[in-house]
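Data block below; observations after.
The values are calculated or read from the model by the stated rules, or taken from the named source; none is laboratory data. The structure displayed is predicted, hence computed values, not measured ones. Neighbour counts run over all protein chains shown; Cβ positions are idealised from the backbone, glycine included.
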Amino acid sequence: MWTFIKDHWRDGVEILILAACIYQIYRAFRATRGAQILVGLATVLILLTLATAVFEFEVIRWIITRAAAVLAFALIVIFQPELRTGLARLGSNRLFSLFSRRRIDFLERFADAVVHLSKQRIGALFAIQRDVSLKEQLDTGVALDARFSPELALCVFLPKSPLHDGGMILAEDRVAGAACVFPVSDREMKDRSIGLRHRAAIGLTERTDAVAVVVSEESGGISVCEGGVMRRNLTEKEFRERLSDIFLTARPEDHGSEENQLDRQAVLPAAGDRDLVSHQGQP
């Protein structure tokens, strides 16, 4: 047994490295739009290969062999947007990036702003840009270049504000634009209560790796959308934890650990009952 381990330990390490790489690639690409198409093509190719091996179909074997290189190149061209999105998600993994205090401060201010808008029942739509540029959506609105603050968010989304109708795009810790038009998801929604803001959040996150946050004007409910999947009516605690899960901590499978729970509590503390904007002089 010892001799076998001594002779083949490198094979075991190599298998573990390959398994880890394949798993990370799977996690990065599984939520892209072309993932199901790619799985379907791979399934057809595997079935044809097995049928060729069993029944000795020489013509099909010749076609598969000759077309393999061309098919690989064609897949790169066809799935170029999905590859970019998947690689962007892979690169944004905690394993490959270190977050700074600057990002933590921004998320604290952002969470405070969203909670305040929710309590005031002021409708809002935010898109936090990650690796995929939102320039296409930014061009539909009013370009800004301002440090994000809860007061600025409140001014933009007040019902009579000229910029309240549309979405706010955030890049790093700055407001890149407001009154931006986001693509509305054409997916059929089972819940008929989902409004235009929510459909726009889903549509944007289906096409990019951005994270969208929606505040309902009717109920004040907070929703977070990532990868076309929306979590609605989050409490303040759930919302802050969700932001930490996406931007500051490991992926969801690590959320149960005590270390990560303490990390989330330290990163995005609750704002409490303090007002974000002074109300001095008001009755």
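Contact map, segment 1-19: residues that are in a helix (DSSP H, G or I) paired with residues that are surrounded by 10 or more Cβ atoms within 10 Å (Cβ to Cβ) and of a type outside the set (A, V, I, L, M), Cβ distance under 9 Å, separation 6+ or inter-chain. Pairs shown: ILE5/GLY12. Scan segment 55-70 residue by residue and report those that are more than 17 Å from THR43 (Cα to Cα) and small (Gly, Ala, Ser). If the condition is that a residue be more than 17 Å from THR43 (Cα to Cα) and small (Gly, Ala, Ser), then ALA69 is the only one that fits. Kindly establish whether SER244 is assigned to a helix (DSSP H, G or I), of a type in the set (S, T, N, Q) and modelled with pLDDT under 90. In short, yes.
Kindly indicate whether ARG66 is under 23 Å from GLN129 (Cα atoms) and at pLDDT 70 or above. No, not satisfied.
Being under 16 Å from GLU217 (Cα atoms) and modelled with pLDDT of 90 or more is the filter here; which residues of segment 136-160 pass it? Across segment 136-160, the qualifying residues are ALA153, LEU154, CYS155, VAL156, PHE157, LEU158.
Only residues that are over 14 Å from ALA176 (Cβ atoms), assigned to a helix (DSSP H, G or I) and among the acidic types (Asp, Glu) were counted across segment 106-162, and they come to 3. Going through segment 192-218 one residue at a time, which ones are part of a loop (DSSP other than H, G, I, E, B) and out of contact with any helix residue (DSSP H, G or I) (no Cβ under 9 Å at 6 or more places or on another chain)? ARG192, SER193, GLY195, GLU218 - these are the residues of segment 192-218 that are part of a loop (DSSP other than H, G, I, E, B) and out of contact with any helix residue (DSSP H, G or I) (no Cβ under 9 Å at 6 or more places or on another chain). When the criteria are applied in full, SER223 meets the requirement of being more than 13 Å from the chain's Cα centre (by Cα), among the small types (Gly, Ala, Ser) and either modelled with pLDDT of 50 or more or outside the structural domain of LEU117 (by TED's automatic domain parsing) (or both). The conditions of being at pLDDT below 90 and crowded, with 18+ Cβ neighbours inside 10 Å are not met by ASP275. Whenever a residue of segment 136-165 is touching a residue at least 40 places away in the same chain (Cβ under 8 Å), its partners that are among the charged types (D, E, K, R), lying with C-beta atoms within less than 8 angstrom and at least six residues away or across chains, give the pairs PHE148/ARG109; PHE148/ASP173; PHE148/ARG174; SER149/ARG109; PRO150/ARG109; PRO150/ASP112.
Any chance segment 157-166 includes a residue that's buried (at least 19 other Cβ atoms within 10 Å of the Cβ), more than 27 Å from ARG103 (Cα to Cα) and assigned by TED's automatic domain parsing to the domain that holds SER133? For segment 157-166, residues buried (at least 19 other Cβ atoms within 10 Å of the Cβ), more than 27 Å from ARG103 (Cα to Cα) and assigned by TED's automatic domain parsing to the domain that holds SER133: absent.
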